[in-house]
1. Whether any residue in the range 163-172 is within 19 Å of ARG214 (Cα to Cα), in the same structural domain as ALA98 (by TED's automatic domain parsing) and either among the small types (Gly, Ala, Ser) or within 24 Å of the chain's Cα centre (by Cα) (or both) is what I want to check.
2. Going by what's in this entry, would ALA347 be described as at pLDDT 90 or above, within 20 Å of the chain's Cα centre (by Cα) and in a helix (DSSP H, G or I)?
3. Can we say SER141 is assigned to a helix (DSSP H, G or I) and of a type in the set (S, T, N, Q)?
4. For the structure I just gave you, tell me whether LEU61 is in contact with a Phe, Trp or Tyr (Cβ under 9 Å, 6 or more places away or on another chain), surrounded by 18 or more Cβ atoms within 10 Å (Cβ to Cβ) and part of a helix (DSSP H, G or I).
5. Between a first residue in the range 132-144 that is under 15 Å from TYR95 (Cβ atoms) and a second residue that is assigned to a helix (DSSP H, G or I) and among the charged types (D, E, K, R), which pairs have beta carbons less than 6 Å apart while being 6 or more apart in sequence or on different chains?
6. If we only count helices (runs of 4 or more DSSP H) wholly inside the range 4-56, which ones have 3 or more residues that are within 24 Å of LEU276 (Cβ to Cβ)?
7. Is it fair to say PHE32 is crowded, with 16+ Cβ neighbours inside 10 Å and either in contact (Cβ under 8 Å) with a residue 40 or more places away in the chain or not assigned by TED's automatic domain parsing to the domain that holds TRP280 (or both)?
8. Would you please name the residue that is nearest to the chain's Cα centre (by Cα), looking only at residues in the range 77-113 that are of a type in the set (Ser, Thr, Tyr) and closer than 23 Å to HIS313 by Cα?
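The values are calculated or read from the model by the stated rules, or taken from the named source; none is laboratory data. What you are looking at is a predicted structure, and each value in this text was computed from that prediction instead of being measured. Backbone-built Cβ (ideal geometry, glycine too); neighbour counts: all protein chains shown.
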Amino acid sequence: MAALHVVLGHEAQWMFADFAALVRSESVSSVFGASATQLVSELIGNLAFTGRSSVSLFFVLSGFILAYNYRDTLGKSVALPEFYWMRFARIYPVYLLAFLMVLPFVVARIFTETELPGDASRRGLLNLLLVQSWYPPDSLSWNAPAWSLSVEMFFYVSFPFLLGPILSAPRRTALCVAVVFCVVTQIAVGFGKLHTGEEAPVWYAFFSNFPLLRLSEFTLGIALLHLRPEAGRPSSIQWVAGNSFALLLAVAACVLAVAWKSDGVGEVARGIMLPLCFAWLIHCLSLGTADRVLGCAPMTLLGEASYALYITHESLLPYFETIKRRLTGDPEMGRGLRIIFVLAAIAFSVLVLKWLETPARKALVKWFGHNRTTPG
């Protein structure tokens, strides 16, 4: 759902505006009241421009899932080189596909002299090495969503050194430190963005994309593991979080945090609330509250394909625009074609999952295991 929000925010913003207009219509407002429908319509309309906020969910979730999967094995049955190789095998094949999909258009820009060869080479190398977010001017170059994978790679490198100290600390200490770290970081980021503004794109990219400034979201996800029930005996926190009403509240809080649009200090407060709301949502979901819905086969498949959807949809778009321009002479795509593109991007991500992501990951892991056990 978060990946789809990013895609729709990039490619079909008008869908949110149309839905917001429907909510504001007289037939709906006469039932629910003008004030309520106006508020809801504003929130829905804002979702068109806040797709980037959903990336925070990816970072918190990444920390939690890695901690959950490796809390008992990292450094024991799973050695450090094996962990790093498995992380590489998990993200790089699809990442490289998206990179190669963009390459022909970069070459075309060089030949048409709209991009200098030196700039293109630098940006290409940074992206290929997954370090573009460390250089803010180029953090959104080539395939813009790839900036978050550059940040994610930094998380992977840091994870083995964070897991032990966070999980060995007392529960309250770990959670309090993680929350405080997140709040302080978000305050600094929020006021940094306010001070520089989007008129200073390099500084704005620094506060938005620099890996060290996103680390608090990842560590918050790791610390969430302290809330998991131990020895099958849930505490009062698990009892409260593990019911449908708590999940609904968490979903509502996340939607409000994502959709609320304000200026000044209000926007800073929204930035603080985003990772905290996402953390509570992830904890509720981890207790199995929505397994019947989210655990069904179609949702599981789409969830597994969501990484490919997120990282390839921007790379796929120029091909659609090129085909449109060749057929009609106009590169702009109307609403109908935009819907077709979103559906095609989802279908493409499923194919990538089945034909590239899963086979490549298995092959790379098998290759590593074979070379590790082969003498010499």
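1. Looking through the range 163-172, at least one residue is within 19 Å of ARG214 (Cα to Cα), in the same structural domain as ALA98 (by TED's automatic domain parsing) and either among the small types (Gly, Ala, Ser) or within 24 Å of the chain's Cα centre (by Cα) (or both).
2. On the way: at pLDDT 90 or above: yes; within 20 Å of the chain's Cα centre (by Cα): yes; in a helix (DSSP H, G or I): yes.
For ALA347, the condition - at pLDDT 90 or above, within 20 Å of the chain's Cα centre (by Cα) and in a helix (DSSP H, G or I) - is met.
3. Working: assigned to a helix (DSSP H, G or I): no; of a type in the set (S, T, N, Q): yes.
Judged against the criteria, SER141 is not a match.
4. On the way: in contact with a Phe, Trp or Tyr (Cβ under 9 Å, 6 or more places away or on another chain): yes; surrounded by 18 or more Cβ atoms within 10 Å (Cβ to Cβ): yes; part of a helix (DSSP H, G or I): yes.
Answer is yes for this residue.
5. Matching pairs, first to second residue: GLN132/ASP138; SER141/ARG123; TRP142/ARG123; ASN143/GLU314; ALA144/GLU314.
6. Working: elements: 13-24, 26-32, 34-46.
Hits in the range 4-56: 34-46.
7. Details: crowded, with 16+ Cβ neighbours inside 10 Å: no; either in contact (Cβ under 8 Å) with a residue 40 or more places away in the chain or not assigned by TED's automatic domain parsing to the domain that holds TRP280 (or both): yes.
Criteria not met by PHE32.
8. Of all residues in the range 77-113, those of a type in the set (Ser, Thr, Tyr) come to 77, 84, 92, 95, 112.
Filter once more, keeping what is closer than 23 Å to HIS313 by Cα: 92, 95.
Details: TYR92: 16, TYR95: 14 Å.
Only one residue fits best here, namely TYR95.
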